[in-house]
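Data first, discussion second: the structure below is written as structure tokens.
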Amino acid sequence: MMSTEREMIDELLKAGCGDFVVCGGARNAGLVALLEAAEGLQVWKHFEERGAAFFALGRAKDHGQPCAVVTTSGTAVAECLPAVIEAHYTCKPLIVLSADRPVEFRGSGAPQVIEQEGIFGSYAATSFEEWDGRGPLHLNLPIEEGEVDFGPWKAEVEGFLPERMSFEVRSLRDFLDSGVFRGIIAMVGGLEPEDREDAFYFLKELGIPVIADVNSGIREALGDLLVPERVFTGNLPGRVLRLGEVPVGRLWRDLEDHSGTEVLSICRNGLPGLARESKVIHAQVGRVIRGLGPVDFVGDVRDDFLKARPMFGLTDEKLESLPDSEPGLVGLLSVYATTGESLFIGNSLPIREWNDFGQRVTPYARVFANRGANGIDGQVSTWLGATAETVDSWGVFGDLTALYDLAAPAMLPQVECQGRVLVVINNGGGKIFDHLPRLAELTDNQKGAIVQPQEVSLKGWATMWGMDYLRIENREGFDDLEAGEKTLLVELVPDPVQSEQF
Ligand SMILES: Cc1ncc(C[n+]2csc(CCOP(=O)(O)OP(=O)(O)O)c2C)c(N)n1
């Protein structure tokens with residue numbers, strides 16, 4: 001007779017899941033042993049479920065197929081919640097397969113028994129039947145202690161077929177058709193790789209100003225259409241067309257209080273990203289654009305806005321005069337990072353700084369970020385999962401973000417490390433909070449409790465996980481940046497005085 005474990009794995013194979021991250025324990029030992037014995041599966045091993053779930057999310061981001069994290073019973077399952085939430089908001093097929101004690105143990109308080117069934121609430125489907133393949137799935141498997149089949153076997157993974165989404169293009173046509181384009185801009189957040197080309201040509205055709213986040217993957221290709229968002233601060237446009245994930249910058253938040261600006265979002269999760277009234281097309285960006293067909297272009301507004309818009313020039317001059325400030329070093333880093341095969345940027349100041357000060361000439365081959373729930377948790381783990389099979393991968397993170405995910409490099413021996421560069425911008429705490437006007441009036445103690453200043457050097461972290469290490473404090477420091485066979489940890493330490501001046 002086939003074991004419960006084997007039946008469940010077969011179901012997963014049928015659903016197109018051939019990639020597993022296992023975190024072993026007694027209750028799921030049979031599952032882990034079966035997966036290890038299989039031929040034709042990708043099996044990653046980790047000891048820490050929070051990081052493992054984010055790593056699995058990264059795998060799903062990389063290949064677009066489901067990836068399952070396999071946990072034992074008890075709080076091990078609960079550790080997956082942040083990654084499940086991120087997968088929910090970014091529509092990624094992350095699967096949690098949790099082993100549970102048999103049903104009669106529920107509510108008993110027996111060792112490692114917690115209420116696992118439905119633990120992720122509205123964030124995850126709980127059966128294949130209710131799962132559409134565009135978000136997380138939690139499968140909870142009560143397992144009797146007994147025999148499991150440990151022999152070698154051959155796994156056959158079937159194709160992954162998420163449900164297709166239906167959508168309408170009329171609201172986009174109406175939005176664009178209301179006369180001239182004057183007063184309309186586009187804001188582009190994170191885009192899926194397959195949506196990027198359509199979004200790029202569509203925006204070129206429209207010829208309207210674009211504020212694009214680096215994780216859109218098209219920011220550097222937009223040329224003259226790209227504008228800095230501060231052009232519109234206090235000067236909000238009449239209409240905003242948002243493509244992809246919620247944009248990172250301040251302007252999007254300002255829209256919340258300006259109902260005079262009409263907003264149309266086209267995004268996969270179907271959420272407006274604003275609490276006030278706006279329109280949403282719930283669909284893949286590329287499919288909607290293709291569905292729209294050629295745009296009926298009315299009047300050439302490009303020249304108008306090019307004449308009117310302040311250029312990036314002012315910022316560029318400052319970057320030159322304060323080269324060792326945080327913006328200065330991030331600007332230079334953005335040039336070095338073009339040598340990589342992929343770029344992952346952690347929340348959220350690094351993304352904002354990249355948007356504002358990053359180079360605007362050379363598009364990055366592949367760009368990733370975790371922007372679903374804006375958490376600073378699991379960022380390094382997601383990066384390692386998303387680039388597990390990619391050489392020359394660059395990841396850029398804040399210091400608290402890195403400190404949050406200290407066990408992530410445990411996965412390094414299992415992933416591609418050739419040319420891997422892990423950059424931590426160590427500005428001594430959560431410096432994003434220094435940028436909030438709302439917090440300017442706080443006392444130093446109050447501010448300290450929010451910024452969480454810290455003075456650690458990350459050299460010990462590099463030693464601990466066998467990474468090469470380079471500390472960069474100024475522009476010249478980049479001369480020594482050379483990626484090799486081992487992961488290189490770059491601790492980027494901006495000059496606090498220059499940063500303040502900037
Ligand atoms: C899990 C989680 N906890 C708290 C926050 C709130 N938060 C947003 S940014 C931030 C500080 C990040 O600091 P760091 O990684 O050093 O980046 P920096 O702001 O210095 O660039 C915090 C705590 C969050 N987004 N996610």
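One table, with the values for the structure above:
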{"read-out": "Relative contact order (%) - criterion: Cα under 8 Å, at least six apart; region: the chain", "value": "13 percent"}
{"read-out": "Pairwise FRET efficiency - GLU163 versus LEU314, Cβ, R0 = 56 Å, nearest 0.05", "value": "0.70"}
{"read-out": "Measure of compaction for region 417-502 (Cα Rg per 2.2 N^0.38 Å)", "value": "1.30"}
{"read-out": "Estimated inter-spin distance, GLU156 and GLN454, nm [label 7 Å along Cα→Cβ]", "value": "5.0 nm"}
{"read-out": "Prolate/oblate/rounded call for region 204-302, Cα gyration tensor, a/c under 1.5 rounded", "value": "rounded"}
{"read-out": "Length added when fully stretched, GLU473-GLU441, from 0.36 nm per residue minus Cα-Cα", "value": "8.5 nm"}
{"read-out": "Peptides ranked, highest mean first, by Cβ atoms within 10 Å: ranges 363-371, 116-124, 133-141, 445-453", "value": "363-371, 133-141, 116-124, 445-453"}
{"read-out": "Placed amide H near VAL367: partners under 5 Å, 5+ positions off or other chain", "value": "LEU343"}
{"read-out": "The chain: radius of gyration over Cα atoms, expressed as a fraction of 2.2 N^0.38 Å", "value": "1.02"}
{"read-out": "Set of aspartates and glutamates near LYS459 by C-alpha distance (under 13 Å), chain-local residues within fewer than 8 positions excluded", "value": "ASP399, ASP468, GLU491"}
{"read-out": "Global form of region 4-154, assessed from the alpha-carbon gyration tensor, a/c cut-off 1.5", "value": "oblate"}
{"read-out": "Reference-scaled alpha-carbon Rg (2.2 N^0.38 Å with N residues) for region 138-241", "value": "1.79"}
{"read-out": "Space enclosed by the convex hull of the alpha-carbon atoms of region 16-71, per residue, Å³", "value": "65 Å³"}
{"read-out": "Virtual spin-label span in nm between ALA26 and PHE47, 7 Å along Cα→Cβ", "value": "1.9 nm"}
{"read-out": "Euclidean distance of C-alpha centroids, region 1-31 and region 407-467, integer Å", "value": "36 Å"}
{"read-out": "Subset of LYS45/LYS154; LYS61/LYS486; LYS61/LYS431; LYS279/LYS431 violating a 31 Å alpha-carbon distance limit", "value": "LYS279/LYS431"}
{"read-out": "For the chain, calculated [θ]222 nm from helices alone, where every DSSP H run of n ≥ 4 adds -39500 (n - 2.57)", "value": "-8500 deg cm²/dmol"}
{"read-out": "Cα Rg, Dmax (largest Cα-Cα span) when computed across region 305-451, Å", "value": "16.7, 53"}
{"read-out": "Spin-label model distance (nm) - LEU406 vs LEU292, 7 Å beyond Cα toward Cβ", "value": "4.8 nm"}
{"read-out": "19 Å cut-off, amide nitrogen to a point 7 angstrom out along SER321 Cα→Cβ, residues in region 464-502", "value": "475, 495-502"}
{"read-out": "Global geometry of region 74-223, whether rounded, prolate or oblate, following the gyration tensor of its Cα atoms and the 1.5 cut on a/c", "value": "prolate"}
{"read-out": "Magnitude of the charge dipole, the chain, Cβ model with Lys/Arg +1 and Asp/Glu -1, debye to 20", "value": "1120 debye"}
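Each value in this text was obtained by applying a stated rule to the coordinates, not by laboratory testing. What you see is a predicted model, and the numbers here were worked out from it, not measured in a lab. Positions of Cβ are backbone-derived with ideal geometry, glycine not excepted, and every protein chain shown enters the neighbour counts.
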